[in-house]
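Engineer: Structure incoming, see below.
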Amino acid sequence: MSAFKTKWGKRVYLEPGEAVALGTGVLVASVMDTFHNGMDIAILDTSATAHHARRPRDAVPAGDRRCRRGGTKKHTYRLGGMTCLAGDVIGDYSFDRPARVATSFVFLDMAHYTMVKTTTFNGVRHPSIATHDRGRITVQRRFGYRDYRDRLS
C-alpha cells in the first residue's frame, strides 16, 4: 500500500467489510399482518430489500425461545417485508407459538449491512438507530418523511 501511495500520490482507504461489525447489532421488527397463502405468512414493518442485503441467520421473537429456520418447530412462517418487491422475503422461520400482529422479532448480527445498505424504496423509512447499555435502550436517531424527501432533491 505504501508503494501505491508513493507512486500515485494518493491517500488509500481500505473498507474493512463485515470484519469490523460481524456479530454486532440487531434489527427489531414487528408483525403488521398475518395470512395463509399456501403457507403461513407474516408481513413485518421492515424490508429485506430496503433495510438489509443479507438474510439474518437468527431471529428471536419476544417471549419465545430462539426460532429456527423453517420447518423445525410447530409454527413456520415466511417473514416478508412491507414493500411491493417480489423478493422482499426475509426467510422461513419456525416458532414455538404462532406469530400475531404486534409480535416483535429481533434479527441478530445485522449491523454490518443494515446501516449501509438501507434505501427509502417506496417511502419506507430507515430503521431507527439506538444503543443498548446495561438494559437501557436509547434511540440515537429516528428517520421520517423529511429524510426521504430530502434524499430526492
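Engineer: Taking the Cβ-Cβ separation of LEU108 and ASP33 as r and a Förster radius of 30 Å, what is the calculated FRET efficiency to the nearest 0.05?
Structural biologist: Between LEU108 and ASP33 the formula returns 0.80.
Engineer: At a 10 angstrom cut-off on C-beta neighbours, averaged per residue, how do the peptides 135-141, 100-106, 78-84 rank from highest to lowest? Walk me through the intermediate numbers first.
Structural biologist: Details: 135-141: 8.1, 100-106: 15.1, 78-84: 18.9.
Ranked from most to least packed, the peptides come out as 78-84, 100-106, 135-141.
Computed from the coordinates by the stated procedures, all read-outs in this text should not be read as laboratory data. Computed from a predicted model, the values in this text were never measured in an experiment. All Cβ positions, glycine included, derive from the backbone under ideal geometry; neighbour counts span all protein chains shown.
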